[in-house]
Amino acid sequence: NLSYNPISTVLKGSFKDLIRLQELHIVGALLVSVEPQAFSGLRQIRLLNLSSNFLSTLEESTFHSVNTLETLRVDRNPLACDCRLLWILQRRKTLNFDGQQPMCSSPPEIQGNALRDFPDSVLFEYFTCQKPKIKDRKLQHVTAREGQSVSFLCRADGEPDPSIAWVSPQHRMITTRSTGRATVLPGGTLEIRFAQVQDSGTYICIASNAGGNDTYFATLTVKGRPADGSHYANRTLYLSEFNDTSHNDTQVFLKFTLDLKTILVSTAMGCITFLGVVLFCFLLLFVWSRGRGQHKNNFSVEYSFRKVDGPTTTTGQGGARKFNMKMI
């Protein structure tokens with residue numbers, strides 16, 4: 001039960017891991033939209049209560065499957081009765097509304113009518129959708145320098161109001177939720193900031209609603225920066241990752257400044273460091289050699305006779321020589 005929480009939108013896949021969930025209540029939550037596949041994964045959902053919100057529609061593509069749904073509460077919502085609600089009308093005799101019938105708020109000719117009151121013969125007369133149609137189909141070809149901002153217009157009519165998305169030359173979808181250098185503004189305009197050479201190519205605008213879609217093409221050519229001397233003397237490199245729907249753009253600006261003063265200072269600092277190390281080594285050798293000269297090696301030899309028991313013979317034969325060597 002998520003009722004009376006400030007939830008304006010139920011996003012795609014919000015309940016994808018709750019495969020055993022059977023009842024879901026989101027009453028009075030200020031809901032404005034429920035995206036397609038928002039309830040994907042709810043394979044056992046039997047009761048869904050979305051009453052007292054600001055929903056204009058609830059599409060069949062929102063569900064994993066509507067076959068398990070037994071009770072649906074969408075009353076007290078400003079429902080637009082068009083082809084997106086046709087699935088509810090086709091099941092209105094078997095679907096339980098818990099005594100609270102949903103009512104049409106638009107179009108004006110059927111405003112205030114309960115869904116259960118429509119006969120089968122008029123279902124495809126009122127509950128229809130108008131396929132989108134892009135207004136201005138004049139070819140847009142833009143040539144820009146690297147680093148400039150570029151925009152392409154794309155506006156479409158349809159019933160219900162179509163959503164606008166763009167496809168890049170790298171076949172990536174760009175929507176109003178994209179948060180990189182390329183994004184779609186609320187009116188459908190494609191905006192590309194800090195254009196790069198790799199952004200060049202053909203962009204496709206897709207206007208879509210429940211009735212179908214319409215497409216339009218625009219071309220972008222981005223020229224690289226001029227390779228002159230001043231550019232390399234003080235240059236800025238723009239490193240970026242082109243955006244897609246799952247991750248954001250990153251722009252990194254690396255500035256390299258090369259001049260004579262910087263080179264001279266760097267060379268002087270290196271020479272000073274090298275000379276200091278050499279001087280330190282010579283100082284260590286000098287101290288070590290001075291200390292080594294103060295030590296002298298002295299030897300003493302001691303000669304002694306060993307006394308032997310028994311008769312003595314000649315002096316040369318009865319003696320033993322003993323040498324002790326001591327190092328000082």
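In the stretch 63-76, how many are open to solvent by 10 Å² or more (accessible area, probe 1.4 Å) and either touching a His at 6+ places or on another chain (Cβ under 7 Å) or over 16 Å from residue 46 (Cα atoms) (or both)?
Selection size over the stretch 63-76: 1.
Out of everything in the stretch 32-41 that is touching a strand residue (DSSP E or B) at 6+ places or on another chain (Cβ under 7 Å) and in a loop (DSSP other than H, G, I, E, B), what residue ends up being most open to solvent (accessible area, probe 1.4 Å)? Show your work before the answer.
Quick first cut of the stretch 32-41, residues touching a strand residue (DSSP E or B) at 6+ places or on another chain (Cβ under 7 Å) only: 32-35, 38-39.
Right, trim to in a loop (DSSP other than H, G, I, E, B) and you get 32, 35, 38.
Details: 32: 86, 35: 42, 38: 0 Å².
In this case the residue turns out to be 32.
Picking from 158, 180, 112, 147, which residue would you name as being of a type outside the set (A, V, I, L, M, F, W, C), touching a strand residue (DSSP E or B) at 6+ places or on another chain (Cβ under 9 Å) and outside any loop (DSSP other than H, G, I, E, B)?
Working: 180 fails: outside any loop (DSSP other than H, G, I, E, B); 112 fails: outside any loop (DSSP other than H, G, I, E, B); 147 fails: outside any loop (DSSP other than H, G, I, E, B).
Residue meeting the stated conditions: 158.
Whether any residue in the stretch 81-97 is open to solvent by 60 Å² or more (accessible area, probe 1.4 Å), under 20 Å from residue 128 (Cα atoms) and within 27 Å of the chain's Cα centre (by Cα) is what I want to check.
No, there is no match, as no residue in the stretch 81-97 is open to solvent by 60 Å² or more (accessible area, probe 1.4 Å), under 20 Å from residue 128 (Cα atoms) and within 27 Å of the chain's Cα centre (by Cα).
Looking at the stretch 107-160, which of its residues are hydrophobic (A, V, I, L, M, F, W, C) and either within 33 Å of the chain's Cα centre (by Cα) or farther than 30 Å from residue 95 by Cβ (or both)?
Correct list: 134, 139, 142, 144, 150, 152, 153, 154, 156.
If you scan the stretch 3-21, which residues turn out to be surrounded by 14 or more Cβ atoms within 10 Å (Cβ to Cβ), under 21 Å from residue 75 (Cα atoms) and not small (Gly, Ala, Ser)?
Within the stretch 3-21, 7, 10 meet the criteria.
Just give me the residues in the stretch 114-142 being free of Cβ contacts under 8 Å to residues at least 24 places away in the same chain and of a type in the set (S, T, N, Q), in sequence order.
If the condition is that a residue be free of Cβ contacts under 8 Å to residues at least 24 places away in the same chain and of a type in the set (S, T, N, Q), then 121 is the only one that fits.
When the stretch 100-109 is examined, which residues are found to be surrounded by 14 or more Cβ atoms within 10 Å (Cβ to Cβ) and either free of Cβ contacts under 8 Å to residues at least 24 places away in the same chain or in a strand (DSSP E or B) (or both)?
103, 104, 105, 106
Say whether the condition of being farther than 30 Å from residue 33 by Cα, open to solvent by 60 Å² or more (accessible area, probe 1.4 Å) and in a strand (DSSP E or B) is met by at least one residue in the stretch 196-204. So that I can check it myself, show each step before the final result.
So the first thing to find is which residues in the stretch 196-204 are farther than 30 Å from residue 33 by Cα, and the list is 196-202.
Now narrow it down to the ones that are open to solvent by 60 Å² or more (accessible area, probe 1.4 Å): 197-198, 202.
Remaining after also requiring in a strand (DSSP E or B): 202.
Yes, the stretch 196-204 contains at least one residue that is farther than 30 Å from residue 33 by Cα, open to solvent by 60 Å² or more (accessible area, probe 1.4 Å) and in a strand (DSSP E or B).
The values are calculated or read from the model by the stated rules, or taken from the named source; none is laboratory data. Remember, it's a predicted structure, so these values are computed and weren't measured experimentally. Glycine also receives a Cβ, built like all others from the backbone with ideal geometry; neighbour counts cover every protein chain displayed. Surface areas here come from the heavy atoms of the whole protein model, side chains and all, with no ligands, DNA or RNA. Shrake-Rupley method; radii C 1.70, N 1.55, O 1.52, S 1.80 Å.
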